[in-house]
Amino acid sequence: NGARVGTEATWAPQASVGAFVEMGSAHAPAGKSGVAQLVERLAFRGTANRSPFRLSREGEAIGATLTAQASREQLALALDVPASNVADAVEILADCVANPRYQQWMVDEEVQKLQEAADAQADNPHGLLMEAANVVAYQGGLSHPLVAPKDQAAGLTADDCEAFHRANCTGGRVVLAAAGADHQEVVGVAAELLQGLPEGGAPKVPFTYLGGDHRQNTGGELVHALLGYEFAGGWRDVKGSVVMTVLQMLMGGGGSFSAGGPGKGMHSRLYRRVLNNCPWVTNFTAFSSLYNDTGIVGIVGSADAAKGGDLVGLMSKELEAVASGGTTDEELERAKASAVASIWMNLESKPIVCEDIGRQLLTYGKRTSGADFAAEIAKVSKADITKAVTALLKSTPTLVSCGDTSTVPRFDSVAKR
Amino acid sequence: CRTRTGGMAGRGFLSKLVEPFYARMALWYQAEVAVELKKFGLRYDDLLDPLQNLDVEEALKRLPQEEVDLRNQRIKRAMDHSMKHTELSAEMKALQTPYDFYIDPVVKEIEAENMERAKLGTSKPYARTIP
């Protein structure tokens, strides 16, 4: 039925098993994108064969940590277990993926928590900005909000969850990944259990990038703004996304109250050029939010309320500085070294290796090793960076702001730059 | 009306002899109880008392709100008729469904969950006991 199993053997006593399904808020029906969050929260709360109590006790018996994460295009369920319990972990995971049980009273409980989460977003301005940027900039699946707004969450039922799962959890969209396990053992357990999934591959989720403007005056002493541009290509453009990763390390940035230290990015461009020189900037960070076929790349920041115009002006200036070749070789080498180090340090961790296998198999159909990615990073040149940022700046900007938005400039004045 | 319990029928030779008698008597008894319930406009499951049985209280929390509201309205109507010594009208009696067991499956599920916990020696999630 198209389900795939990928493993990497290691010589460590810890193993990590994960199921990655290509279903997220982008695949949910337009007014019901909160089902993705519901499916995430109810992932380990009962299946057709196991009550929630039995599931949690079995997890404890094998020493498993259960995690679930829903994003716009993928759902990840993972168990971290000692290596000797991999077979049991695979069985539990396959059960949770293939036969979830959604009971209305559990859904009602979770809907209440979703509504509280929607309220809590107001306290997390950068999270709010990233959510709003996606909703505004895209038309199509990617514009469905991942954090469901309150009124939308109130209308979700167990039937919606079941319909979402039935329509989207098909064999071709499921990958079972394991780090630190023997391939034959995992396939032996998983093959029979995943056979029951219906056939079907991932549909193309249509989208259009439009850019746009969104302001939410939530008051306060600060203004928070996000300026992003489209990176056409997304993860599937491997060379482009490698350049975006290096760009992210190059620009860096962060909060002005950072204690600093090695690896914190204190020598990145945004720290040296902006945060060290402008005391009225509280936060200035480069971000890149990539999906399978597209992405938003830009800068998000916070400043004192009266300086909204200057904040957005600084963002444009920094992006243009890179586009016009302002990067020095020293900065580029530092960024490349930092990116390579980040790859190797992350691949030390079993859960991350498992996630890497799963997500790469879903996105690319194959897995490229860390060494190959490091080699790609080493090939990035200054010309690549300049060309990439110039291409970014040609797209329509996405300007989202919250806090005290009275001084944020008009959208057309930003679009003209 | 539906039979509700697996019951004692069919466990031994004597039981098998008495089975058909029990079946007929059960049908007669259920019909009599239905007549009484229809007088007040109650369902059998409305008689389950959450104050007596904490599993029923939990089941009522799991039911959708409309079911709980309908149950409360039926109980209020029955209390009113009881106080006034009146009955439902004949047309209303014809519409009654006394053996629509809407709480019973949920209570059975809760009892199964409690059994599972008891087997492993865990306590229930709600620890209150009736003194």
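The values are calculated or read from the model by the stated rules, or taken from the named source; none is laboratory data. Owing to the predicted nature of the structure, the values given are computational and were not obtained by experimental measurement. Cβ coordinates were reconstructed from backbone atoms using ideal geometry, including for glycine residues, and neighbour counts include every protein chain displayed. Surface accessibility is based on the protein's heavy atoms, side chains included, excluding ligands, DNA and RNA. Shrake-Rupley method; radii C 1.70, N 1.55, O 1.52, S 1.80 Å.
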Using θ = phi - 60° and the Karplus relation 6.51 cos²θ - 1.76 cosθ + 1.60, list the HN-Hα couplings for the stretch A:63-72 in order, rounded to whole Hz, with x at every Gly or Pro. x, 9, 9, 9, 10, 9, 9, 9, 10, 5
The stretch A:1-78 pair-distance distribution - Cα-Cα, 5 Å bins, rounded %: 3, 13, 19, 20, 20, 15, 7, 2, 1, 0
Rounded, prolate or oblate, given the Cα gyration tensor of the stretch A:199-288, with a/c below 1.5 counting as rounded? oblate
Give me the percent of accessible area attributable to carbon and sulfur for the stretch A:264-417, probe 1.4 angstrom. 55 percent
Please say if chain B is rounded, prolate or oblate, where rounded means a/c under 1.5 for a ≥ b ≥ c the square roots of the C-alpha gyration tensor eigenvalues, and otherwise the choice is prolate for a/b larger than b/c and oblate otherwise? oblate
Which FRET efficiency value, to the nearest 0.05, do you get for A:Lys150 and A:Asn217 by plugging their Cβ-Cβ distance into 1/(1 + (r/R0)^6) with R0 = 22 Å? 0.75
Can you work out the Karplus-derived ³J(HN,Hα) for every residue in the stretch A:24-38? Use 6.51 cos²θ - 1.76 cosθ + 1.60 with θ = phi - 60°, whole Hz, and x for glycine or proline. x, 5, 5, 8, 6, x, 4, x, 10, 5, x, 4, 4, 5, 4
Taking the simple approach of a point 7 Å from Cα along Cα-to-Cβ for both A:Ala415 and A:Glu199, what is their distance in nm? 4.7 nm
Over 31 Å [Cα-Cα, the protein assembly as shown], rounded percent: 60 percent
Beta bridges by DSSP in the protein assembly as shown, antiparallel share as percent, to the nearest 5: 80 percent
Rounded to whole Hz, the Karplus (6.51, -1.76, 1.60) HN-Hα couplings of the stretch B:65-77, x for glycine and proline: 4, 4, 4, 5, 4, 4, 4, 5, 5, 4, 5, 5, 4
Residues of the stretch B:59-100 losing 40 Å² or more of accessible area relative to the isolated chain, 1.4 Å probe, heavy atoms only? B:Arg62
A:Ser395 long-range amide H proximity, modeled H, under 5 Å: A:Glu230
Normalised contact order of the stretch A:65-150, rounded percent, pairs of Cα under 8 Å and 6 or more residues apart: 21 percent
Remind me, relative contact order of chain B in percent, using alpha carbon pairs under 8 angstrom and six or more residues apart? 31 percent
Which whole-number percentage describes the relative contact order of chain A, with Cα contacts under 8 Å and a sequence gap of 6 or more? 22 percent
I want to make sure I understand the PRE zone here: with the label point 7 angstrom from the Cα of A:Thr208 toward its beta carbon, which residues in the stretch A:224-250 have backbone N atoms less than 18 Å away? A:230-233
Pairs of lysines in the stretch B:26-128 (C-alpha under 24 Å apart; 8 or more residues apart or interchain): 14
Calculate the dipole size of the stretch B:66-131 relative to its Cα centre from +1 charges on Lys and Arg beta carbons and -1 charges on Asp and Glu beta carbons; express the result in debye to the nearest 20. 340 debye
Mind checking the per residue accessible area of chain A for me, 1.4 Å probe, whole number of Å²? 41 Å²
Under a 5 Å amide H to amide H cut-off, with H placed in plane at 1.01 Å, what residues pair with A:Tyr138 once short-range neighbours are removed? A:Leu210
What residues qualify as long-range amide H neighbours of A:Ala15, i.e. H under 5 Å apart, gap of 5 or more or another chain, H built at 1.01 Å from N? A:Val81, A:Ala83
With label points set 7 Å from each Cα along the Cα-to-Cβ direction at A:Ala48 and B:Lys93, the distance between them in nm comes to 4.5 nm
Once the dipole of chain A is set up with Lys and Arg at +1 and Asp and Glu at -1 on Cβ about the Cα centre, which of A:Thr285, A:Ala68, A:Ala153 lies farthest towards its positive end? A:Thr285
